[in-house]
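A.B. asks: Pasting a structure below so you can have a look.
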């Protein structure tokens, strides 16, 4: 059984700028992370123009302006921007720059699930942190700590490592036993005990598996946990919050993407996004 990490151990770890930003938002009661998974085909027809870049940028800005006082982070998934070629990537850059210019206290998580050998990671790091200016990036752990060292060395940034993901087939590998423990717990333990020297690590654990989420929280102490699967994936909010909160009733980045940004397909899409964000924010604070 992986040992439970005393909360005092993780609280003593130095905090990265990313974690400090999160802490500030949590103290305001903000735990919702809005996933800017801006699938062009689902953007309301009323705001579409002949420019993909402009359409995606205007849509994202409207969502941000409607929700910025309610969130702890924004999380664009790079796939939806890469799919639109150069215009999509320019829209992503403009979206992040907008957050940096007008809401610099809100961290941006680039959901890119990177991870390769060390030299290749240098290119990923330059793109995510230096070109796109993200505050954090998601990575997968399969290549191990040595390969991800260039990410972990970025003391100012957040490195959010996949442990127990929210998709239905996640258990195919993640639940495999290593000795007496599932692989996802071994991953979580390693991140908390040896990867987080710079206080810049967080864990991904899906809301669709609250029992596993609770086990991960016990293993990682007060490490931040990104919790996807709320909203369109039907994760249980009450069970997830009770399982995912840390010793201070904080520590959660509760993500909802489609359930917020596409809450309405009409002209009131931004207003509907705010209503869904408020609803989720209230639920989280009720159960924590």
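A.B. asks: Out of the stretch 18-35, which residues are touching a residue at least 40 places away in the same chain (Cβ under 8 Å) and not in a helix (DSSP H, G or I)?
C.D. replies: 29, 30, 31, 32, 33, 34, 35
A.B. asks: Which one is farthest from residue 107 (Cα to Cα) among residues in the stretch 243-258 that are surrounded by fewer than 21 Cβ atoms within 10 Å (Cβ to Cβ) and in contact with a helix residue (DSSP H, G or I) (Cβ under 6 Å, 6 or more places away or on another chain)?
C.D. replies: Only one residue tops the list, namely 247.
A.B. asks: Just the residues that are surrounded by fewer than 22 Cβ atoms within 10 Å (Cβ to Cβ) and on the phi < 0 side of the Ramachandran plot, please, taken from the stretch 196-209.
C.D. replies: Scanning the stretch 196-209 gives 197, 198.
Per-residue answers, yes or no, for (1) surrounded by 21 or more Cβ atoms within 10 Å (Cβ to Cβ); (2) at pLDDT 95 or above; (3) on the phi < 0 side of the Ramachandran plot:
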position	(1), (2), (3)
8	no, no, yes
22	yes, yes, yes
40	no, yes, yes
62	no, yes, yes
113	no, yes, no
119	no, no, yes
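A.B. asks: How many residues are within 15 Å of residue 32 (Cα to Cα) and in contact (Cβ under 8 Å) with a residue 60 or more places away in the chain if we restrict to the stretch 210-240? Full working, then the answer.
C.D. replies: Initial filter on the stretch 210-240 (within 15 Å of residue 32 (Cα to Cα)): 224-232, 235-238, 240.
Then keep just the ones that are in contact (Cβ under 8 Å) with a residue 60 or more places away in the chain; that gives 224, 226, 228-229, 235.
So the count comes out to 5.
A.B. asks: Same structure, new question: Taking into account only those residues within the stretch 65-78 that are in contact (Cβ under 8 Å) with a residue 40 or more places away in the chain and part of a helix (DSSP H, G or I), which is surrounded by the fewest Cβ atoms within 10 Å (Cβ to Cβ)?
C.D. replies: 65
A.B. asks: Using the structure shown, decide if residue 239 is within 30 Å of residue 48 (Cα to Cα), surrounded by fewer than 23 Cβ atoms within 10 Å (Cβ to Cβ) and more than 18 Å from the chain's Cα centre (by Cα). I'd like the intermediate steps shown before the answer.
C.D. replies: Working: within 30 Å of residue 48 (Cα to Cα): no; surrounded by fewer than 23 Cβ atoms within 10 Å (Cβ to Cβ): yes; more than 18 Å from the chain's Cα centre (by Cα): yes.
No; evaluated as a whole, the condition is false for this residue.
The values are calculated or read from the model by the stated rules, or taken from the named source; none is laboratory data. All values reported here derive from a predicted model rather than from experimental measurement. Positions of Cβ are generated from backbone atoms using ideal geometry, with glycine treated the same way; all protein chains shown enter the neighbour counts.
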